[in-house]
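Below is one structure, written out as structure tokens, with a few remarks after it.
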Amino acid sequence: MSGLANRYNWVKSPLIASAPMRLISGPALAHAVSSAGGFGFLAAGVDVTNLSQDLQTFKSILSTSPVPNYSLDVLPVGVGFILWGADLQHTLQILSQPDTPPPAAAWLFAPSNPSQLKSWAEGIRTATESKTDIWVQVSSVADAIETMAVASPDVLVVQGCDAGGHGRYQSAGLISLLPEVIDAVSAYCDKKDIPVPFFIAAGGISDVRGVGAAVALGAEGAALGTRYLASEEAIIKKGYQDAVIRASDGGVSTVRTDVYDKLRGTANWPEGYGGRGVTNKSYEDAMGGKDFEENTKLYKAAEAMGDAGWEGEEARMTTYAGTGVGLVTKVMGAAQITREVRGEK
Ligand SMILES: Cc1cc2nc3c(=O)[nH]c(=O)nc-3n(C[C@H](O)[C@H](O)[C@H](O)COP(=O)(O)O)c2cc1C
């Protein structure tokens, strides 16, 4: 049994995590993944207002449908935070409620600066008496070493350039990035005499072959976002889900860009981050030099159209997804996805 499956006793090896996806990864998805021996994440994202409620809902699902083998001192779930926007003090209040076990992991992503990452890691460890593990998602060797220096995480999620949603523009594919990060971090830990973290791979992994490749490269498992967009439990508009299933050839059909951030008005990401998604008319018009106000007006009109905003030649709505979209061909239950990508029938 691998180290992480020992650490989280409901988890089977290789570890399959459903990545925290803002507005999409809710309690039902996280619970289904953890129930199947994976590691489900809720997504607080940049706004922790709904986190208490999400944890309560998770607990109430858990009480009627227990996750096999979990230990009672933590909830068998993680929570993802986008650090540049989320409120640390409010988070610490929520995570330190005496009557509720804290989540087993906090997944930290996109700090404005290293000292913010340090405050989050230290704050969460203190508030939860180190019951909540610190996972940090990084997308370069430099990020990984800096993260080790300020936060010494239990788990490093190494995000390759194929990942859906936000990530760094300057990043490599997992096949070169992951082993280089593992070597550099291992050497750093050896020099500093600190424990080597566990490594999880993220980015473009949509099936059992991708998970096998991640393990061959040295990871303990994989975090999947795009594949879980096509789960029954994802909180997602049908038009968005259909667009993910329709899309193929992800290196051609998706791109990392800030066009959709601008159109949606979420343009506070730190320098160097963009969101990867399926391209459509909004992107084409922006690249073609269409006036921003006009493009925004058309985007808002598409939003008002509901599912149709993702359909046809005039599709304009944000469809964040990774290059693995072409391997996502049908909607399935999240538990079944988890078992299938782990290599079970
Ligand atoms: C729709 C969507 C939303 C995402 N939202 C978040 C988020 O809120 N926080 C975060 O740390 N990562 C987020 N990500 C990135 C994931 O953590 C992860 O890196 C990515 O999904 C892995 O690549 P894949 O989509 O190819 O599986 C998101 C990804 C997608 C597709």
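A few comments on the model shown:
- Selected residue (criterion: surrounded by the fewest Cβ atoms within 10 Å (Cβ to Cβ)) from residues of segment 226-249 that are part of a helix (DSSP H, G or I) and more than 18 Å from the chain's Cα centre (by Cα): K238
- Test result for A302, modelled with pLDDT of 95 or more and not assigned by TED's automatic domain parsing to the domain that holds A28: yes
- Subset of segment 125-161 (residues that are of a type in the set (S, T, N, Q) and either within 16 Å of the chain's Cα centre (by Cα) or farther than 15 Å from L95 by Cα (or both)): Q137, S139, S140, T147, S152, Q159
- Segment 201-216, subset surrounded by fewer than 21 Cβ atoms within 10 Å (Cβ to Cβ), in contact (Cβ under 8 Å) with a residue 24 or more places away in the chain and hydrophobic (A, V, I, L, M, F, W, C), residue nearest to V136 (Cα to Cα): V215
- If you go through segment 12-43 and keep only what is open to solvent by 10 Å² or more (accessible area, probe 1.4 Å) and either assigned to a helix (DSSP H, G or I) or free of Cβ contacts under 8 Å to residues at least 60 places away in the same chain (or both), you end up with P27, A28, H31, A32, S35, A43.
- Within segment 336-345, at least one residue is away from the ligand (no atom under 12 Å from the Cβ), closer than 26 Å to S34 by Cα and free of Cβ contacts under 8 Å to residues at least 12 places away in the same chain.
- In summary, strands (runs of 3 or more DSSP E) completely within segment 121-207 and bearing 1 or more residues that are at pLDDT 95 or above, among the aliphatic types (A, V, I, L, M) and closer than 22 Å to W84 by Cβ occur at 133-138, 155-159, 198-202.
The values are calculated or read from the model by the stated rules, or taken from the named source; none is laboratory data. Given the structure is predicted, the values throughout are model-derived calculations rather than measurements. FYI the Cβ positions are ideal-geometry reconstructions off the backbone, even for glycines, and counts take in every protein chain you see. What goes into the accessible areas is simple: the full protein's heavy atoms, side chains included, and nothing from ligands, DNA or RNA. Shrake-Rupley method; radii C 1.70, N 1.55, O 1.52, S 1.80 Å.
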